[in-house]
Structure formats: structure tokens, C-alpha cells
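Following: one structure in C-alpha cells, then a few remarks.
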């Protein structure tokens, strides 16, 4: 079983819709969770992080964490074509300097 | 301040040659990570440094790969006797360890092509 699993997609949504990206993780003791966006040919850039159960909102982005069920999700409201990218979920198992575990990413296409 | 800097941005070399990839992390970031990303694939962890020591080098694919870090700052990833399957983008990231909300910050990567 992989440490972090994501649906590779591709996920396609129409412009203005809500895109929902999901990630599950295996280490129940994981403390910190990050979403990165990676445009084709570019390096990953941080979108959001979350470490408390519940929702965290930042503009059009909402991260949701459920530690009991071991999943973290990212919602993108009012999706724009510029949101088309691969979204990577990363888990820091103990919240310290340890290795991060990355999922393989979900490819999102927002259709104008 | 400056972000993570990687050099060269692109490297083309012949099979069998050695290559050195450099990463200059954000000042004060004592944790440093190397990843490899093949075309259309996810991030493959290679090695993690805390200061100058590497507590986790489990991702290095073979003994042709080595990495070092000096002065708790710049790191060099060396690939000896390169093979075509080494062609990929090599990404470096740095982080302030010890705080759960601290993300990794990535450089722009080195695109390595083995002919």
C-alpha cells in the first residue's frame, strides 16, 4: 500500500464548477498535509496546508481534513481554465523534518 | 528573499558521463530534499538532508547516485556513468524543520537528458 494515494484522473470540470480532489494516506499518526499545484513543465508550488480536522478556506480553495478516515481533500470553487494543472497531495508523517510522502497527483482540466 | 536555486537548469550529456547537479536552498532552511520526476510521472523521493547529514537516503536508485551537503547549505547530487533511464527533471526542495505547518519550497529543477 502506498503512503499517499490520489486518483490520477484526468478530472475535467466546466469553467465555474467546483473541482474536488481527494487524497488518502496510510500513516494514522500523520500531522501535516499540503496541496501543491504543478503546471506542465514547472515545479510544484504550495497551494494550501492543513493540520487540524475540519475545513480551511483560502480564497477559492478549501482544504478538508478528516483524520479519523485518513483523507484530505481540496475543493476549488468557481474553477478557471488557469486552474488546469496537476495537484499533488503531500503528507508529513510527524510534522517535523521527516520525509514528505507525495501522491502521484491528479490532473485537472477546466474546460472553458 | 531568494528562493531555492538549482543549476544548471538544463543538462544534456552522453551516456556514461558523470553529472553534478547543484541546489542552493533558502537561507535558514536546514532540511533539504532531492526528488526525481520523469515525464508525466509523480515525484520520486531520492534523499533528505538535515544539516549536513542524510538521515534518509533510501530513495537513491543505485550506487551510481550520491549526494552531499556542505556547510548546511549547498547540496550536490552526483550521477556517475549516466544511463538513458536517468533522464528526468531533478527537483530540490528546502524547508524549516520542526514545525508542522512548514511546507517544502521547490526550485525550478534541472532537466537532465542523457543521449
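A few remarks follow.
- Mean projected area of the convex hull spanned by the Cα atoms of chain A, taken over all viewing directions: 6.7 nm².
- Derived from the Cα gyration tensor, the three semi-axes of the equivalent ellipsoid of chain B are 23, 14, 13 Å, largest first.
- Computed over the Cα atoms of the stretch A:52-112, the ratio of the radius of gyration to the Kirkwood radius (Rg/Rh) comes to 1.01.
- For the pair residue B:63 and residue B:99, label points projected 7 Å from Cα toward Cβ lie 4.2 nm apart.
- Hull volume per residue, based on the alpha-carbon atoms of the protein assembly as shown and their convex hull, is 124 Å³.
- Among A:88, A:65, A:11, the largest mean-square fluctuation in a Gaussian network model of chain A (Cα springs under 10 Å) belongs to A:11.
- Stretchable slack from residue A:17 to residue A:57, in nm (0.36 nm times residue separation minus alpha-carbon distance): 12.7 nm
- Among B:18, B:63, B:86: highest mean-square fluctuation, GNM of chain B, C-alpha pairs under 10 Å: B:63
- If the segment from residue B:20 to residue B:39 were pulled out straight at 0.36 nm per residue, it would be longer than the present Cα-Cα gap by 4.8 nm.
We did not get these values from a lab; they are worked out from the coordinates using the rules stated. Everything numeric in this text was worked out from a predicted model, so none of it was measured. Positions of Cβ are generated from backbone atoms using ideal geometry, with glycine treated the same way; all protein chains shown enter the neighbour counts.
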